[in-house]
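A quick write-up on the structure given underneath.
Read-outs throughout are calculated quantities, based only on the coordinates presented, and are distinct from any laboratory measurement. Being a predicted model, the structure only gives us computed values, none of them experimental. FYI the Cβ positions are ideal-geometry reconstructions off the backbone, even for glycines, and counts take in every protein chain you see.
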Amino acid sequence: MEVRVLRYFLAVAREGSVTRAARQLHISQPTLSRQLKDLEGELGKKLLVRGSASVRLTEEGMLLRKRAEEILDLVDKTEEEFKALGEVNGGDVHIGAAESPGIRYLARRVRALQEKYPGIRVHLYSGDRGDLAERMERGLLDFTVLVEANDLSRYHALPLPGEDAWGAILRRDHPLAGRESFGPEELTGIPLICPRQGLREELPRWFQERMDRLNIVATYNLAYNGGVLAREGLGCMLTFDGLVDTGPDSPLCFRPLVPALRSRLFLTWKKYAVFSPAAELLLKELRGEG
């Protein structure tokens, strides 16, 4: 498989039309159709179902789309790294990050680095721990920023300053909104909106034996979406302070958990990783060696 042909295939998958994809790629439609047929012949599988005005992917086509995106991400990242070799002033750094107000510290360090090296660009990818670990294993990320990483034996880890405080976010007209804080007993039984990652480690540690009695009505991956559910009255959202707007004009309020539940952030990277010059500079900046 040629990289060029994979880009052609992805263009057709995105556009849902060979005609539109050919126009976008600035090649003729017959040329593009021939390249796609050759790709199907090479793989021995039908990738597209062609209609009168559009195409759709077969199951094999959907698999190739996923793999092609991964391959091209890695190709693009490799090309960026080689272009940056010897270029101390610039380059690209790819960072995966869990949602946390603590990312502000990372942002400040990136800004300080860019003041010294204006050509450095940072690409941030948000996701949960499993997604970020998978992308780093495939070489698509230089670093990941994880919350409360218990098993770091496969990685190097640098603790970042500060901690995130957990709390409950609920509508101001909620019957329990008058409370100043919440303990495990007050949250047992009421509808809860929980982060999927937090359900693995932090929340079971805090709720302990009450964990099995929780009334979890929804889970979320991104705090913004969880905040929408809370705003619509679906339940009480458990999250970090500062991730969802609870200001005076918001219908939501934040109440801390008692006893306090706090989480730390860790910058992680693969052992024996070979960094680009830009990634090396960022690591030095975060270590205070810049």
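Model label sites at Arg179 and Arg138, defined 7 Å from Cα along the beta-carbon direction, differ in position by 4.2 nm.
The simple Förster model, with R0 at 41 Å and r as the Cβ-Cβ distance, assigns Leu158 and Ser54 a FRET efficiency of 0.25.
Between the listed residues Thr31, Ile71, Leu10, the Cα displaced farthest toward the positive end of the dipole of the stretch 3-74, a dipole computed from Cβ unit charges relative to the Cα centre, is found at Thr31.
Is the stretch 137-194 best put as rounded, prolate or oblate by its Cα gyration tensor, with a ≥ b ≥ c the root eigenvalues, rounded for a/c under 1.5, and otherwise prolate when a/b is larger than b/c, oblate when not? Cα axes put the stretch 137-194 in the prolate bin.
Return the lysines within reach of Lys116: Cα separation strictly under 25 angstrom, same-chain partners fewer than 8 residues apart disregarded; answer none if there are no such residues. Of all the lysines, those that pass the test against Lys116 - Cα under 25 Å, at least 8 places apart if same chain - are Lys77, Lys83, Lys284. Beyond 30 Å, what percent of the Cα pairs of the chain remain? That tail contains 50 percent of the Cα-Cα pairs. Taking the chain as a Gaussian network of alpha-carbon nodes connected by springs under 10 Å, the highest mean-square fluctuation of the residues Gly130, Gly119, Gly41 belongs to Gly41. Summarising the strand pairing of the chain, around 55 percent of its internal DSSP beta bridges are antiparallel. Summary of packing: across the peptides 224-232, 205-213, the per-residue average of other C-beta atoms within 10 Å ranks them, highest first, as 224-232, 205-213.
Springs join every pair of Cα atoms under 10 Å in this Gaussian network model of the chain, and among Asp128, Asp38, Asp173 the largest mean-square fluctuation is at Asp38.
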